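The block underneath contains the structure these notes are about, expressed in structure tokens.
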Amino acid sequence: MRRMKFPKRYLIVILTFICTSVCYIERVGFSIAYTVAADAAGVNQSSKGTILSTFYYGYACSQVPGGWAAQKIGGRRVLFLSFVLWSLTCAFVPLDPNRVAVLVIARLLVGVAQGFIFPSIHTVLAQWVPPHERSRSVSLTTSGMYLGAAMGMLLLPTLVKFRGPQSVFVAEATLGALWSLLWFKYASDPPRSEHSKAAAAGFGESLLPVKGAQKVKVENGGSSVRTGGIPWKRITLSLPVWAIVINNFTFHYALYVLMNWLPTYFEQGLQLSLQDMGSSKMLPYFNMFIFSNVGGVLADHLITRRIMSVTRTRKVLNTIGFIVASLALMVLPLFRSSSGAVFCSSVALGSLALGRAGFAVNHMDIAPRYAGIVMGVSNTAGTLAGIVGVDLTGRLLEAAKASYSDLSSPGSWNTVFMIPGLLCILSSFVFLIFSTGERIFD
């Protein structure tokens with residue numbers, strides 16, 4: 001019977017998968033609900049971009065503190081507190097485009113709270129997940145983002161249509177509260193007694209590649225890991241870390257621009273109604289969900305079967321994903337039908353998700369003990385991409401509207417999608433040259 005027991009680490013991975021799904025339902029939900037409310041109130045594109053990007057200011061401020069907090073008091077506790085904070089904010093804030101100050105403060109709070117989540121998740125996974133399951137576990141967890149975005153795009157426009165924009169906030173707060181209860185009841189730190197190798201961060205198992213000279217034997221056949229301060233200088237000056245940071249920036253620039261402005265592109269660029277598009281509008285994000293998991297399983301297969309080294313696996317998947325995404329992004333404005341636009345955006349986002357099996361898992365290869373810290377640093381860059389990309393897109397569209405009189409012309413959107421396309425090409429070469437799959441931090 002003990003052999004048939006469901007491993008606790010699987011439950012932890014499933015809960016973190018649900019966690020990222022709910023977070024991205026919230027992000028997509030705000031974009032949909034606010035776009036409807038702002039358009040009804042006559043808010044211009046530049047002002048919409050400012051409000052939509054406010055979340056990322058708070059998100060950027062809490063990435064590194066999130067990694068530090070998870071390292072010091074445990075990712076499990078930080079994750080719970082973060083979820084409770086953003087859920088309460090959604091529950092009590094009115095969605096009124098004319099109350100700009102209230103919306104700005106609320107989005108900053110939600111951003112700060114959610115900024116602690118992903119560094120905490122990676123700290124938890126570094127404790128629980130063994131190396132041969134690492135790529136697919138991280139890919140499954142992060143794929144929850146895309147499934148959440150897909151479900152949000154599918155269901156929330158209908159909710160807005162029949163219940164109004166404010167109903168989205170209520171639904172998001174309810175989902176957040178339900179997940180918090182599940183995490184509080186079922187999550188735990190991995191006990192030392194079950195894991196002979198102490199994790200680099202917290203109580204859990206290491207089960208990560210550590211050279212023999214770096215382990216210290218202790219009584220009863222166990223092993224311990226030398227502790228010390230966080231090597232901030234080495235992290236800051238490390239070229240492999242910078243390769244992760246740059247690729248994280250590019251990935252999130254493309255993702256956040258599409259996530260926040262794809263509803264506007266469908267409705268004003270292509271003159272389509274989100275409600276009338278049916279399930280097709282969720283396909284780009286559902287494609288991300290599929291290919292994120294395909295990338296994780298494929299990476300683990302290539303590594304465990306020794307078909308490729310860890311370094312080569314990361315580089316190959318990252319390069320393929322980013323190059324294909326760049327091509328799809330740059331030709332996206334040329335497709336003027338619903339099916340063409342959905343196809344192109346699906347290829348772009350699916351390819352980016354495949355690339356996550358490269359850069360997004362790499363911090364656990366090079367710095368397993370400091371996984372939360374390196375994730376916090378790289379995710380800060382990704383969040384800055386949200387600030388720059390979402391706000392810049394609003395300004396570009398406002399300028400294009402002045403030149404073309406409306407946003408239905410392909411020329412209005414060329415620059416919007418050309419920028420992330422070129423960034424994908426640049427980032428893929430940076431990762432190809434400077435990244436490594438070897439552990440470089442003790």
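The values are calculated or read from the model by the stated rules, or taken from the named source; none is laboratory data. Predicted model only: the values in this text are computed from it and were never measured. Note that we place each Cβ from the backbone using ideal geometry, even for glycine, and neighbour counts take in every protein chain shown. We work out accessible area using only protein heavy atoms, side chains counted, and drop any ligands, DNA or RNA first. Shrake-Rupley method; radii C 1.70, N 1.55, O 1.52, S 1.80 Å.
Hey, could you check the range 311-321 for residues that are surrounded by fewer than 22 Cβ atoms within 10 Å (Cβ to Cβ) and among the aliphatic types (A, V, I, L, M) and say which is farthest from Phe251 (Cα to Cα)? Quick ask: steps written out before the conclusion?
Start the filter on the range 311-321 by keeping residues that are surrounded by fewer than 22 Cβ atoms within 10 Å (Cβ to Cβ), which leaves 311-312, 316, 319-320.
This time we only want the ones that are among the aliphatic types (A, V, I, L, M), so: 316, 320.
Values: Val316: 16, Ile320: 13 Å.
Here the residue is Val316.
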Is it the case that the range 291-302 has a residue that's buried (at least 23 other Cβ atoms within 10 Å of the Cβ), more than 20 Å from Tyr24 (Cβ to Cβ) and in contact with a Ser or Thr (Cβ under 9 Å, 6 or more places away or on another chain)? yes
Please verify whether the range 190-199 includes one or more residues that are over 25 Å from Ile14 (Cβ atoms), at pLDDT below 95 and among the basic types (Lys, Arg). no
Of the conditions (1) open to solvent by 10 Å² or more (accessible area, probe 1.4 Å); (2) touching a helix residue (DSSP H, G or I) at 6+ places or on another chain (Cβ under 6 Å); (3) of a type in the set (Val, Ile, Thr), Ile73 clears all except one; give me its number. (2)
Report, by residue number, each residue of the range 399-417 that is of a type outside the set (Lys, Arg), in contact with a Ser or Thr (Cβ under 9 Å, 6 or more places away or on another chain) and buried (at least 17 other Cβ atoms within 10 Å of the Cβ). Ala400, Leu407, Ser412, Val416
Could you list, ordered by first residue, the pairs with Cβ atoms under 6 Å in which the first is in the range 54-78 and under 17 Å from Ala106 (Cβ atoms) and the second is part of a loop (DSSP other than H, G, I, E, B) and of a type outside the set (Ser, Thr, Tyr), at least 6 apart or interchain? Ser62/Phe116
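Quick check: is even one residue across the range 393-410 within 21 Å of the chain's Cα centre (by Cα), part of a helix (DSSP H, G or I) and touching a residue at least 40 places away in the same chain (Cβ under 8 Å)?
Taking the range 393-410 as the starting set, the residues that turn out to be within 21 Å of the chain's Cα centre (by Cα) are 393.
If we keep only those that are part of a helix (DSSP H, G or I) as well, we get 393.
Then keep just the ones that are touching a residue at least 40 places away in the same chain (Cβ under 8 Å); that gives 393.
Taking every residue of the range 393-410 in turn, at least one turns out to be within 21 Å of the chain's Cα centre (by Cα), part of a helix (DSSP H, G or I) and touching a residue at least 40 places away in the same chain (Cβ under 8 Å).
Select from the range 55-67 the residues that are surrounded by 17 or more Cβ atoms within 10 Å (Cβ to Cβ) and not β-branched (Val, Ile, Thr) and list them in ascending order. So that I can check it myself, show each step before the final result.
At the first step, the residues of the range 55-67 found to be surrounded by 17 or more Cβ atoms within 10 Å (Cβ to Cβ) are 55-60, 62-64, 66-67.
The answer is Phe55, Tyr56, Tyr57, Gly58, Tyr59, Ala60, Ser62, Gln63, Gly66, Gly67.
Can you find a residue that is among the charged types (D, E, K, R), within 21 Å of Ala149 (Cα to Cα) and in a helix (DSSP H, G or I) anywhere in the range 311-321? Reasoning before the result, please.
Keep residues of the range 311-321 that are among the charged types (D, E, K, R), which gives 312, 314-315.
Checking the rest, the ones that are also within 21 Å of Ala149 (Cα to Cα) come to none.
Looking for residues that are among the charged types (D, E, K, R), within 21 Å of Ala149 (Cα to Cα) and in a helix (DSSP H, G or I), one finds none in the range 311-321, hence no.
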Which residue, of Arg9, Arg107, Arg77, is at pLDDT below 90 and charged (D, E, K, R)? Arg9
Being open to solvent by 10 Å² or more (accessible area, probe 1.4 Å) and within 15 Å of Gly278 (Cβ to Cβ) is the filter here; which residues of the range 138-158 pass it? Met151, Leu154, Leu155, Leu156, Thr158
Residue pairs within 9 Å by beta carbon, gap of at least six or interchain, first lying in the range 337-354 and outside the structural domain of Phe289 (by the TED database), second β-branched (Val, Ile, Thr), listed first then second, are none
Residues in the range 376-389: is at least one open to solvent by less than 10 Å² (accessible area, probe 1.4 Å), under 26 Å from Gly42 (Cβ atoms) and not hydroxyl-bearing (Ser, Thr, Tyr)? yes
Within the group Thr383, Thr415, which residue is hydroxyl-bearing (Ser, Thr, Tyr), under 16 Å from Tyr253 (Cβ atoms), without any contact (Cβ under 8 Å) to a residue 24 or more places away in the chain and in the same structural domain as Phe431 (by the TED database)? Thr415
Mind checking which residues of the range 126-167 are closer than 30 Å to Pro97 by Cβ and among the hydroxyl-bearing types (Ser, Thr, Tyr)? Tyr146, Thr158, Ser167
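In the list Met145, Met151, which residue meets the criterion of being in the same structural domain as Gly74 (by the TED database), more than 23 Å from Ile73 (Cα to Cα), at pLDDT 90 or above and not basic (Lys, Arg)?
Numbers: Met145 fails: at pLDDT 90 or above.
Criteria check complete, one pass: Met151.
Kindly evaluate Val28 against the criterion of being open to solvent by 10 Å² or more (accessible area, probe 1.4 Å) and either in a helix (DSSP H, G or I) or over 21 Å from Ala171 (Cα atoms) (or both). Steps first, please.
Working: open to solvent by 10 Å² or more (accessible area, probe 1.4 Å): no; either in a helix (DSSP H, G or I) or over 21 Å from Ala171 (Cα atoms) (or both): yes.
No, not satisfied.
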I'm trying to understand the selection: among the residues of the range 322-350, which are open to solvent by 50 Å² or more (accessible area, probe 1.4 Å), under 14 Å from Leu423 (Cβ atoms) and among the polar types (S, T, N, Q)? none
All but one of (1) open to solvent by less than 50 Å² (accessible area, probe 1.4 Å); (2) among the hydrophobic types (A, V, I, L, M, F, W, C); (3) within 19 Å of Val377 (Cα to Cα) hold for Leu52; state the number of the condition that does not hold. (3)
List the residue pairs whose Cβ atoms are under 7 Å apart, where the first residue sits in the range 282-309 and is not assigned by the TED database to the domain that holds Met151, the second is outside any helix (DSSP H, G or I), and the two are 6 or more positions apart or on different chains. Leu302/Met308; Ser309/Gly437
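State whether the residues of the range 222-231 include one that is surrounded by fewer than 22 Cβ atoms within 10 Å (Cβ to Cβ) and either at pLDDT 85 or above or under 30 Å from Ala38 (Cα atoms) (or both).
In the first step, residues of the range 222-231 are kept if they are surrounded by fewer than 22 Cβ atoms within 10 Å (Cβ to Cβ); the result is 222-231.
Add one more test, that the residue is either at pLDDT 85 or above or under 30 Å from Ala38 (Cα atoms) (or both), and what stays is 231.
Yes, some residue in the range 222-231 is surrounded by fewer than 22 Cβ atoms within 10 Å (Cβ to Cβ) and either at pLDDT 85 or above or under 30 Å from Ala38 (Cα atoms) (or both).
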